[in-house]
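Only one structure is covered here, and it is reproduced in the block below.
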Amino acid sequence: MPSFLNNTFASFFNRILQFGHAGNNGTPTSTTSIQSGDGVATSVSLSDDVLQVQPQNDNGNTMLVKNQGGSNILAVDTSTTAGGSRVLAGASQVNTLTLFKEMGLYDFSPTAGYHYPLIANTMHFESAYAGDNDWGNGADPATTLDVSGLTAQENAVAVYWYLDNNITLDSVRYIATSDGSATLNFHLFAYTLDTSSNHGDLSSGTVHANASVAATATTIKTGTFTLDEADIDTGKVVVGFVENVTDTSDVSVSFQIQYHIR
């Protein structure tokens, strides 16, 4: 290890860390960069109250806390590219802003080929959920919805997941079964919500994830969606859908959505 012992000051002063201010004022009251002896700033700034870390040249894992074995247990990634600007924690290095959302339908009787929305909010129904097939029977669910034409606007309240933050989808998992052998298609859509004139109407529907499974009456299938577009912006309404392509066999399905706030 380098030592100051028996060396001239001129041979080691560049290795000494100092506050980057003039004079001999000691610890500053405002954050001041920590510099090497030749005046080159480090990523650290200090004051009597604040510790600040900011990269000087390159973004990346700007701050790390490791265990004795050298594995990260806390990592602050300041990258501005996709996947950056995040804080990772724990042995698994999970984004600290990770959250989960569940949607589902239980023992639901569909019309073959139509897209039905999943219940996204915890609430009580006076009668069995009848669903709405106003989302169409095309290859994907409809990209718009006029709530004035619904059989019951209450159903829309049950299936809308309104976003109060920008989010990024990490994964979407389905768990599903059917009363008969049937192909089930799943979609996760995001819509623009009308809050100014035709309150509750949806437009600009975009598919963000999709999956398909061959369900049977004797199995419970699980798998993950293909992510078509991971980022969804604040103010959007997210709706999950199931379609029984084959017949009217009853369906039970759950979506487990893992995401993090951007």
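The values are calculated or read from the model by the stated rules, or taken from the named source; none is laboratory data. Values in this document were obtained by computation on a predicted structure and should not be read as measured data. Glycine gets a Cβ as well: all are built from the backbone with ideal geometry, and neighbour counts include every protein chain shown.
Annotation for region 76-90: at least one member residue is in contact with a His (Cβ under 8 Å, 6 or more places away or on another chain) and in contact (Cβ under 8 Å) with a residue 24 or more places away in the chain.
Whenever a residue of region 183-211 is under 20 Å from Arg173 (Cβ atoms), its partners that are surrounded by 17 or more Cβ atoms within 10 Å (Cβ to Cβ) and among the basic types (Lys, Arg), lying with C-beta atoms within less than 8 angstrom and at least six residues away or across chains, give the pairs Ala190/Lys236.
Scanning region 73-101 for residues that are more than 13 Å from the chain's Cα centre (by Cα), surrounded by 13 or more Cβ atoms within 10 Å (Cβ to Cβ) and over 27 Å from Gln35 (Cβ atoms) gives Ile73, Leu88, Ala89, Gln93. Does region 168-189 contain any residue that is over 25 Å from Asp132 (Cβ atoms) and surrounded by 15 or more Cβ atoms within 10 Å (Cβ to Cβ)? So far as region 168-189 goes, yes, one or more of its residues are over 25 Å from Asp132 (Cβ atoms) and surrounded by 15 or more Cβ atoms within 10 Å (Cβ to Cβ). Being modelled with pLDDT of 95 or more and not small (Gly, Ala, Ser) holds for only one residue in Asp164, Asp107, and it is Asp164. If you check Gly131, Gly70 for being surrounded by 15 or more Cβ atoms within 10 Å (Cβ to Cβ) and at positive phi, only one passes: Gly131. All of (1) within 18 Å of the chain's Cα centre (by Cα); (2) closer than 16 Å to Pro141 by Cα hold for Asp231 with one exception: (2). Of all strands (runs of 3 or more DSSP E) completely enclosed by region 179-244, which ones contain at least 1 residues that are modelled with pLDDT of 95 or more and touching a His at 6+ places or on another chain (Cβ under 9 Å)? Where strands (runs of 3 or more DSSP E) fall fully within region 179-244 and carry at least 1 residues being modelled with pLDDT of 95 or more and touching a His at 6+ places or on another chain (Cβ under 9 Å), they are 182-193, 202-215, 236-244.
Residues in region 146-158: is at least one under 25 Å from the mean Cα position of the chain (by Cα), closer than 30 Å to Thr81 by Cα and crowded, with 18+ Cβ neighbours inside 10 Å? Checked region 146-158: no residue is under 25 Å from the mean Cα position of the chain (by Cα), closer than 30 Å to Thr81 by Cα and crowded, with 18+ Cβ neighbours inside 10 Å.
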